[in-house]
Amino acid sequence: SKNAGRNCFNVYSPDLKVEADQRSLLEIELREAIWREEIEVFYQPVVELGTGRMVSVEALARWHHPTRGFVPPAEFIPIAEEAGLIVELGNLVLAKACRDAMKMPDEVKVAVNLSAVQFTKSNLVDVVKFALAESGLPECRLELEITESVFLADSAENLKTLRSLKALGVSIALDDFGVGYSALSYLTAFPFDKVKVDKAFMDRIDRPETRAVLGSIVQLVRTLNLAIVAEGVETQQQVDEMGALGIPLGQGYFFHRPVPLADIASPSSTAPKW
Ligand code: C2E
Ligand code: CA
Ligand code: CA
Ligand code: CA
């Protein structure tokens, strides 16, 4: 098995070699897929608990490989980051998401994930500007999701870029909040518009400690006047806890799975499905 190969002291273990070969093959194939624009974008709604209204959608990259089938982002995004392909991939997703958002109801924002690696390219601000101009999407309808990793590498330069992005009129969300290292300090490092609370909190919402931590996050977020979204909402019990804690926005399989544009653009899809 893979694990047996990893624990083996022989670094030339055939298992490891097979793994490395498959990885570079996947990298070559990913390069081709990006080049051929075979990467699709799905959209997962964020809903307002009180009304069931879809306030935004998150753009999520999808790769349907001709023979391997569906390759999960958890597998190909890290490869794209290491191989330097994430810039092109990210630009592709951004451009598609902006164009697709023009086919969605006017009040719906579109959120696009940015990798910290994209910040190392000096032209990120121009790329975002271009995607907006080319699609005609108003700046206020674009949201950029970043993780604290943006603050870890070259943070002074990245902070500058983040400020320039915000100055365009787009909004900035802090993703996967609460699971990193000094997460609270990042909240005050930059004027974010929104905080997305990591799924780990919903997974453990039945524990009093989790609810206590979430309670103080909600308070802090209110003090800073930010929006807050719970990610990975899967059950009615989690929705009830969100209500009790005062988290008004949710994203997760309980509401909607990520879907192709056609399912968002059609007027019937704006009605709650649960
Ligand atoms: P993320 O940004 O935290 O996105 C949310 C992930 O949680 C998505 O996984 C989504 O499908 C999944 N999810 C949503 N609701 C639920 C739920 O109720 N239960 C469970 N178990 N999962 C739920 P996905 O699409 O597989 O993407 C995984 C990660 O890959 C994303 O996490 C993001 O970090 C990265 N990613 C995806 N697309 C892009 C992209 O275009 N650019 C970059 N840089 N990263 C991307
Ligand atoms: Ca995200
Ligand atoms: Ca997230
Ligand atoms: Ca993530």
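The values are calculated or read from the model by the stated rules, or taken from the named source; none is laboratory data. Computed from a predicted model, the values in this text were never measured in an experiment. Neighbour counts run over all protein chains shown; Cβ positions are idealised from the backbone, glycine included. In case anyone asks, the SASA skips ligands and DNA or RNA and just uses the protein heavy atoms, side chains included. Shrake-Rupley method; radii C 1.70, N 1.55, O 1.52, S 1.80 Å.
A few notes on this one:
- Segment 197-212, residues that are out of contact with any helix residue (DSSP H, G or I) (no Cβ under 8 Å at 6 or more places or on another chain), away from ligand 3 (no atom under 16 Å from the Cβ) and either in a helix (DSSP H, G or I) or at pLDDT below 95 (or both): PRO208, GLU209, ALA212
- Residue, farthest from VAL57 (Cα to Cα), within segment 135-159, restricted to residues that are at pLDDT 95 or above and out of contact with any helix residue (DSSP H, G or I) (no Cβ under 9 Å at 6 or more places or on another chain): CYS140
Matching residues to (1) away from ligand 1 (no atom under 16 Å from the Cβ); (2) among the basic types (Lys, Arg); (3) touching a residue at least 60 places away in the same chain (Cβ under 8 Å):
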| site | (1), (2), (3) |
| --- | --- |
| LEU165 | no, no, no |
| ASP175 | no, no, yes |
| LEU187 | yes, no, no |
| VAL195 | no, no, no |
| THR210 | yes, no, no |
| VAL213 | yes, no, no |
| GLN219 | yes, no, no |
| GLU231 | no, no, no |
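- Selection status of ILE79, over 17 Å from GLU145 (Cβ atoms), open to solvent by less than 50 Å² (accessible area, probe 1.4 Å) and more than 10 Å from ligand 1 (Cβ to nearest atom): yes
- For first residues located in segment 144-156 and more than 14 Å from ligand 3 (Cβ to nearest atom), partners that are open to solvent by less than 10 Å² (accessible area, probe 1.4 Å) and lie 6+ apart or on another chain with Cβ distances below 7 Å form the pairs PHE151/ASN158.
- Residue within segment 159-180 that is within 16 Å of ligand 3 (Cβ to nearest atom), in contact with a Ser or Thr (Cβ under 9 Å, 6 or more places away or on another chain), at positive phi and not polar (S, T, N, Q) present: yes
- GLY215 vs. criteria open to solvent by less than 50 Å² (accessible area, probe 1.4 Å) and touching a Cys at 6+ places or on another chain (Cβ under 7 Å): no
- Among residues of segment 105-120, those that are open to solvent by 30 Å² or more (accessible area, probe 1.4 Å) and in a loop (DSSP other than H, G, I, E, B), counted: 4
- Residue match in segment 63-74 (condition: more than 14 Å from ligand 1 (Cβ to nearest atom), part of a strand (DSSP E or B) and either under 15 Å from the mean Cα position of the chain (by Cα) or not β-branched (Val, Ile, Thr) (or both)): yes
- Listed by first and then second residue, the pairs with beta-carbon distance under 9 Å, at least 6 apart or on different chains, first residue in segment 30-56 and closer than 22 Å to GLU82 by Cβ and in a helix (DSSP H, G or I), second among the acidic types (Asp, Glu) and open to solvent by 10 Å² or more (accessible area, probe 1.4 Å), are ARG31/GLU88; GLU32/GLU38; ILE34/GLU88; TRP35/GLU88.
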